[in-house]
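*Asks:* The structure under discussion is supplied below as C-alpha cells; questions concerning it will follow.
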Amino acid sequence: MNGTLQIRDHLLNELETGVRTGASLIRLIRPEDWAYRPQDNMRSLVELVHHFIQITASDLAIMQEKSEVEVGVVENSLSGIEDIEKLEATLWGNLEAYKAYIVSLSEEDLLNRSTKAFYMEHGHLQAQWQIETLTHVFHHRSQLYNYLKQQGHELNFFMLYA
C-alpha cells in the first residue's frame, strides 16, 4: 500500500476512535441530562449529541456538493430522538457510509478532486475534507466531554482513547 492510502487509513482509524469514544460518552447520558445547556447561546446536550452523531453524514453530504436544503435534512433528521440505542446505531451507520465513500476514492481523486460546499466560495480537496471531518468530530467530542463533566459525571481523560 502506498503512503497516501496509509495516511487515509490512519485518518479513518483516528475518526473511528473519536466516534467510538464519543459513543461511550453518549451512553453515560441520563434522562435528566438531555436539556442541559451551558449558556443561552450554546447548544443543549441533546442538540450537541444530534450534531455529533450527524457529523460524518452531514460532512459527507457537503463533500458530495449536496445543497443547503439536502444537508439541512441530514442535520435535522434526529430531531426529538433521545433513545441511546437508536442514536448510537445512527452514529455507527453514518461512520460506515463515510468510510465507504473515502475508501472508494482513487488516490488521484483523494489528492486532486475538489468539491465546494454550498457555503464556500472555493472548494476543498477530498483529503482536506477528510481532515476537516476528523477535526470536526474531535472538537464536538470534547464539547460532549465537557458538558457531561459539568453535569457531574465522573470522567477521566483516559476514556477518550480507550
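The values are calculated or read from the model by the stated rules, or taken from the named source; none is laboratory data. From a predicted model like this one, the values you see are computed outputs, not experimental measurements. We place every Cβ from the backbone using ideal geometry, glycine too, and count neighbours over all the protein chains shown.
*Asks:* Is it true that some residue in segment 102-124 is among the hydrophobic types (A, V, I, L, M, F, W, C), touching a strand residue (DSSP E or B) at 6+ places or on another chain (Cβ under 7 Å) and modelled with pLDDT of 95 or more?
*Replies:* Step one: of segment 102-124, the residues among the hydrophobic types (A, V, I, L, M, F, W, C) are 102-103, 105, 110-111, 117-118, 120.
Checking the rest, the ones that are also touching a strand residue (DSSP E or B) at 6+ places or on another chain (Cβ under 7 Å) come to 111.
With modelled with pLDDT of 95 or more added as a condition, the list becomes 111.
Looking for residues that are among the hydrophobic types (A, V, I, L, M, F, W, C), touching a strand residue (DSSP E or B) at 6+ places or on another chain (Cβ under 7 Å) and modelled with pLDDT of 95 or more, one finds at least one in segment 102-124, hence yes.
*Asks:* List pairs: first residue in segment 67-89 and more than 18 Å from A117 (Cα to Cα), second residue surrounded by fewer than 13 Cβ atoms within 10 Å (Cβ to Cβ) anywhere in the structure, Cβ distance under 9 angstrom, at least six positions apart or on different chains.
*Replies:* L78/K86; E82/P31; I84/R27; E88/R27
*Asks:* Looking at segment 111-124, which of the residues that are of a type in the set (A, V, I, L, M, F, W, C), within 21 Å of the chain's Cα centre (by Cα) and surrounded by fewer than 16 Cβ atoms within 10 Å (Cβ to Cβ) is farthest from G72 (Cα to Cα)? Even if it seems obvious, please write down each step before you answer.
*Replies:* So in segment 111-124, the residues of a type in the set (A, V, I, L, M, F, W, C) come out as 111, 117-118, 120.
Next cut, within 21 Å of the chain's Cα centre (by Cα) only: 117-118, 120.
Subset that is surrounded by fewer than 16 Cβ atoms within 10 Å (Cβ to Cβ): 118, 120.
Numbers: F118: 11, M120: 16 Å.
Only one residue tops the list, namely M120.
*Asks:* Let me ask another. Out of all the residues in segment 90-106, which are in a helix (DSSP H, G or I) and without any contact (Cβ under 8 Å) to a residue 12 or more places away in the chain? Steps first, please.
*Replies:* Step one: list which residues in segment 90-106 are in a helix (DSSP H, G or I), which gives 90-104.
Answer for segment 90-106, where residues must be in a helix (DSSP H, G or I) and without any contact (Cβ under 8 Å) to a residue 12 or more places away in the chain: G93, E96, A100, S104.
*Asks:* Shifting gears a bit: Got a number for residues in segment 132-154 being touching a residue at least 60 places away in the same chain (Cβ under 8 Å) and either surrounded by 15 or more Cβ atoms within 10 Å (Cβ to Cβ) or charged (D, E, K, R) (or both)?
*Replies:* The qualifying residues number 14.
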